[in-house]
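Asks: This structure is in structure tokens; I'll ask about it shortly.
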Amino acid sequence: MASVHDFHQNIVDELFLWIAQQPDKPISISLVAERAGFSRWHFQRMFKKHTGMTLGRYIKNIRLDQAIVELITGDDPIIFIALQYGYESQQTFTRAIKSYTGMNPGEIRRLSDEQKMSLLK
């Protein structure tokens, strides 16, 4: 018989997949909690218990990971990528990428192929 813990873990796992499949759509904590069928407050507590991080941080990290892939594999202007992933300006996007990776978007684009591959892992 499955436990409540297992049930909650299954919900969190399903939402990981769903969030990753929404790269260019705005995702809020409220939307994710509603999709899970829980109040925002309860779902945030449950999510942190199961993952060790807040839901907001998880959503931000997923978006940054996806944006980094775009920087590495694509040739769209940085401002286009910033807007695509929900940042209001290139400056805000640059600060977020720099805080996340230690490099700004231009530095990521100038990495060697080997360095890019290690960043993607």
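The values are calculated or read from the model by the stated rules, or taken from the named source; none is laboratory data. Predicted, not measured: the structure shown is a model, and the values here were computed from it. All Cβ positions, even for glycine, are placed from backbone atoms using ideal geometry, and neighbour counts span all protein chains on display.
Asks: Hey, which of the helices (runs of 4 or more DSSP H) in segment 68-121, taking only ones fully inside, have at least 1 residues that are surrounded by 16 or more Cβ atoms within 10 Å (Cβ to Cβ) and in contact with a strand residue (DSSP E or B) (Cβ under 9 Å, 6 or more places away or on another chain)? Working first, answer last.
Replies: Details: elements: 78-84, 90-101, 105-109, 113-120.
Qualifying helices (runs of 4 or more DSSP H): none found.
Asks: Have a look at 60, 25 and point out the one that is assigned to a loop (DSSP other than H, G, I, E, B) and under 13 Å from the mean Cα position of the chain (by Cα).
Replies: Working: 60 fails: assigned to a loop (DSSP other than H, G, I, E, B).
Going through 60, 25 in turn, just one is assigned to a loop (DSSP other than H, G, I, E, B) and under 13 Å from the mean Cα position of the chain (by Cα): 25.
Asks: Also, quick follow-up: Output the residues belonging to segment 36-48 that are in a helix (DSSP H, G or I) and either surrounded by 17 or more Cβ atoms within 10 Å (Cβ to Cβ) or at pLDDT below 90 (or both).
Replies: First, pick out the residues of segment 36-48 that are in a helix (DSSP H, G or I): 36, 40-48.
Selection gives 36, 43, 44, 46, 47.
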